[in-house]
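Take a look at the structure set out below.
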Amino acid sequence: MLSNFLSYIFQGISITIAVTLVALPAGLVLGLGLALVNTYGGVWLKRLSALYSLLMRGVPPVVLLFILYFILSGNLVNLTPFWAGSVSLGVISSAYQMEILRGALLSISGGQMVAARAIGMSRLQAIQHIILPQALRIAIPPWSNEASIVLKDSSLVYALGVPEILRRAQQLSATTQQPLLAFGAAALIYFVLVFFVNRGLDVLAKKTRLPTQHA
Amino acid sequence: MDSPILQAKNLTKIYGQNVIFQDISLDVYRGETIVIIGPSGTGKSTLLRCMNLLTPIDSGKIFLNGKEITARDANEDKVRQQIGMVFQNFLLFNHLTAFDNVMIGLSKVKKMPKAQAREKALYELNRVGLSDRADHYPGQLSGGQLQRVGIARALAMDPSVMLFDEPTSALDPELIGEVLGVMETLSREHMTMLVVTHEMGFAREVANRIVFMEKGSIVEQGAPDDLFYRPQHERTREFLWKITELYGKKEEKS
Amino acid sequence: MSDVPEFLIRFWPILLQGAGVTLLLTVQGLAAGLVLGMITALGRVYGGKTWRGLAIGYVELFRGTPLLVQLFLIYYGLPGLGITLSREWSAFLALGLNSGAYQAEYLRGSILAIGNGQMMAGRAIGMSKWQTIREIIVPQALRLAIPAWANEPVSLLKSTAVVFLIAVPELMAQGKIIAARTYNPIGAYMSVAVIYMFMVFVLDYGLKFLERYVRIPGFEMEARKA
């Protein structure tokens with residue numbers, strides 16, 4: 001019985017993964033841009049990006065998801081629920097990823113920038129070749145935490161009708177009258193997915209760790 | 001001697017209300033090793049940082065090979081490629097091996113072809129006696145080795161002047177020698193060097209000229225023998241007396 | 001967006017009601033989670049094999065799955081085992097269990113930071129293991145955990161918003177009602193967002209104040225790690 005349930009819900013896995021794979025990189029690109037602007041930008045850029053982070057992180061993800069969803073699937077832009085939901089999750093995550101990356105950028109001592117400038121690098125070159133490679137390494141462990149949060153938050157697009165794991169579990173629960181088994185199977189699948197995301201990123205952290213860097 | 005390679009004219013640096021140094025003029029000639037000495041907090045390090053534009057000056061002009069580098073249209077990045085700098089706290093790039101620390105300026109700033117950059121980086125590491133530490137990360141090197149990599153990194157850019165900002169003051173005493181040794185060799189090879197240090201032995205033996213700075217201005221300058229044995233100013237005499245009290249005795253013992 | 005002030009004025013009674021439910025859920029979940037978290041953390045650090053296994057299993061399970069799935073499992077799934085809970089109780093249970101798993105980790109961190117010395121000192125003056133835990137370890141652990149723990153109330157407050165999906169009449173649920181009534185979902189959810197933001201800022205500010213108020217000089221995680 002459980003195996004039947006698992007195989008039906010399994011078809012939702014690809015959508016859950018797809019939502020995550022759109023949201024996470026979108027949030028990373030946006031978050032990295034914001035973090036750079038917040039760390040190296042002028043006064044106004046700093047204030048604006050800080051305000052963005054504050055507002056976005058002050059509202060529950062599911063509320064933001066609904067606001068963004070209705071904006072992205074309205075008259076001006078009209079995305080499918082899948083794309084609207086995924087992009088919205090990415091935008092929500094960007095504020096959290098910005099904070100992670102900002103912390104990592106700030107943890108690189110100012111001397112690194114000075115030394116890079118001293119051998120003739122421009123500010124941009126120094127950020128690209130010296131600051132970012134160090135900051136991104138530092139950011140991997142907290143970022144891996146954010147990755148599993150986005151994966152778990154992808155279940156919120158259930159509410160938009162996107163047929164991902166939870167939505168499939170709910171359909172199954174309705175047709176079979178076996179909610180415990182249906183949602184239990186969904187929980188199990190999420191658990192395994194989150195587990196693999198964490199392990200995978202642990203491996204990445206170990207691979208990129210410098211021999212002298214502490215865990 | 002020909003015209004100076006690096007020339008500072010009436011430099012002044014002010015932080016808020018604090019005058020760091022005022023009206024400093026200094027000519028550095030090709031192949032010269034100049035050692036700047038003086039009490040802590042007299043603006044020696046700031047002066048060095050201003051010389052390669054890492055810290056902006058408030059007034060005055062700096063010329064490199066006769067061209068004003070403090071001019072508005074001067075390309076700071078280009079200028080710094082020609083002026084090497086060695087830092088008190090090394091400031092190696094933490095995510096790169098010793099080899100890559102030396103090479104990154106060549107490949108990313110000078111855009112040198114990979115093979116050529118590699119060869120050059122190895123040559124410079126060899127020059128400071130560290131070719132066997134090429135693949136070590138900064139965290140795996142001793143202070144003396146770190147500083148020698150720092151010197152190699154600066155040398156790799158083929159600068160016309162090298163600035164040393166207290167290169168040995170963060171080192172354990174037993175590691176100072178290896179760094180000073182590299183610097184002495186450089187000096188003998190006629191690298192143009194401007195060195196801020198408290199190592200009086202190095203100043204006496206290696207420098208062509210010694211500049212004594214106090215409270216933000218140059219009090220006196222001259223050949224080591226003149227300055228050490230026939231100082232013209234009372235303040236120079238006092239400083240040298242104090243510093244030999246402090247460091248001289250240690251030197252005699254070791 | 002321009003409808004937000006109008007909505008706030010027009011619908012303030014139900015919005016206020018919703019915010020009240022949201023706050024209640026937060027406080028209840030936080031309290032339940034604190035008790036659960038402390039028991040779990042102590043079990044994991046000082047317990048035998050069974051306790052440790054249970055603690056790890058609980059924490060990993062609840063941190064490794066979405067809150068929404070936990071909520072559905074409790075509300076729709078538990079009746080299958082003969083346990084039928086109201087919407088409110090289901091929400092309370094899901095939020096408490098979920099928060100407990102996170103709070104356990106904050107508390108475990110601070111218990112570990114206290115180190116063995118305090119336990120030894122307690123035993124040395126003749127306290128039992130349980131007494132030492134109660135009298136010496138727990139008070140210190142609670143104090144030490146505050147900076148890390150201070151994120152949890154805001155985090156939980158934001159988490160409560162998903163329980164509208166089992167129709168608990170909290171703030172987000174009121175947003176949905178307003179959206180349906182006005183045919184203006186963006187304005188409705190924006191109004192809700194503004195209220196959440198206000199609550200988050202007040203809570204955050206209050207906790208920062210509390211943090212400063214209860215600080216014992218020299219008694220901090222950072223100081224101990226060194």
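The values are calculated or read from the model by the stated rules, or taken from the named source; none is laboratory data. Please read these numbers as outputs of a predicted model, since none were measured by experiment. Note that each Cβ is placed from the backbone with ideal geometry, even for glycine, and that neighbours are counted across all protein chains shown.
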Considering only segment B:138-153, I want to know if a residue exists there that is modelled with pLDDT under 95, touching a His at 6+ places or on another chain (Cβ under 6 Å) and not hydrophobic (A, V, I, L, M, F, W, C). no
Give me the pairs, please: first residue somewhere in segment A:68-82 and facing chain C (nearest Cβ under 9 Å), second residue anywhere and assigned to a loop (DSSP other than H, G, I, E, B), beta-carbon distance under 8 Å, and either six or more positions apart or on two chains. A:71/A:77
Residues (more than 12 Å from chain A (Cβ to nearest Cβ) and touching a Phe, Trp or Tyr at 6+ places or on another chain (Cβ under 8 Å)) located in segment C:179-218: C:182
In segment B:119-140, what residues are under 25 Å from residue A:209 (Cβ atoms) and surrounded by fewer than 21 Cβ atoms within 10 Å (Cβ to Cβ)? B:132, B:133, B:134, B:135, B:136, B:137, B:139, B:140
Considering residues that are at the interface with another protein chain (Cβ under 10 Å from one of its Cβ atoms) and surrounded by fewer than 23 Cβ atoms within 10 Å (Cβ to Cβ), the number found within segment C:163-178 is 2
Within segment A:185-192, is even one residue away from chain C (no Cβ under 11 Å) and assigned to a helix (DSSP H, G or I)? no
What tally of residues in segment A:171-184 results from selecting those that are more than 7 Å from every other protein chain (Cβ to nearest Cβ) and assigned to a helix (DSSP H, G or I)? 7
Across segment A:83-94, what is the total count of residues that are buried (at least 24 other Cβ atoms within 10 Å of the Cβ) and either of a type in the set (A, V, I, L, M, F, W, C) or facing chain C (nearest Cβ under 9 Å) (or both)? 2
Are any of the residues in segment B:21-41 within 30 Å of residue A:124 (Cβ to Cβ), within 20 Å of the chain's Cα centre (by Cα) and buried (at least 16 other Cβ atoms within 10 Å of the Cβ)? no
Could you tell me which of the residues C:160, C:132 is crowded, with 19+ Cβ neighbours inside 10 Å, among the polar types (S, T, N, Q) and within 14 Å of chain A (Cβ to nearest Cβ)? C:160
Note on segment B:203-247: residues surrounded by fewer than 17 Cβ atoms within 10 Å (Cβ to Cβ), assigned to a strand (DSSP E or B) and among the hydrophobic types (A, V, I, L, M, F, W, C) are none
Check segment C:169-181 and report whether any residue there is in a helix (DSSP H, G or I), free of Cβ contacts under 8 Å to residues at least 60 places away in the same chain and not charged (D, E, K, R). yes
Boolean, residue B:51 is within 10 Å of chain A (Cβ to nearest Cβ), touching a residue at least 60 places away in the same chain (Cβ under 8 Å), surrounded by 21 or more Cβ atoms within 10 Å (Cβ to Cβ) and under 18 Å from residue B:194 (Cβ atoms): no
So, restricting to helices (runs of 4 or more DSSP H) that lie completely within segment B:79-161, which ones have at least 1 residues that are in contact with an Asp or Glu (Cβ under 8 Å, 6 or more places away or on another chain) and facing chain A (nearest Cβ under 9 Å)? B:143-156
Among what's in segment A:160-169 and is in a helix (DSSP H, G or I) and within 17 Å of residue A:182 (Cα to Cα), pick the residue that is nearest to the other protein chains (Cβ to nearest Cβ). A:166
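Quick grid of which residues meet (1) under 29 Å from residue B:106 (Cβ atoms); (2) touching a His at 6+ places or on another chain (Cβ under 8 Å); (3) crowded, with 19+ Cβ neighbours inside 10 Å:
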{"position": "A:102", "(1), (2), (3)": "no, no, yes"}
{"position": "A:121", "(1), (2), (3)": "yes, yes, yes"}
{"position": "A:183", "(1), (2), (3)": "no, no, yes"}
{"position": "A:203", "(1), (2), (3)": "no, no, no"}
Tally up the residues in segment C:66-98 that are over 16 Å from the mean Cα position of the chain (by Cα) and facing chain A (nearest Cβ under 8 Å), please. 9
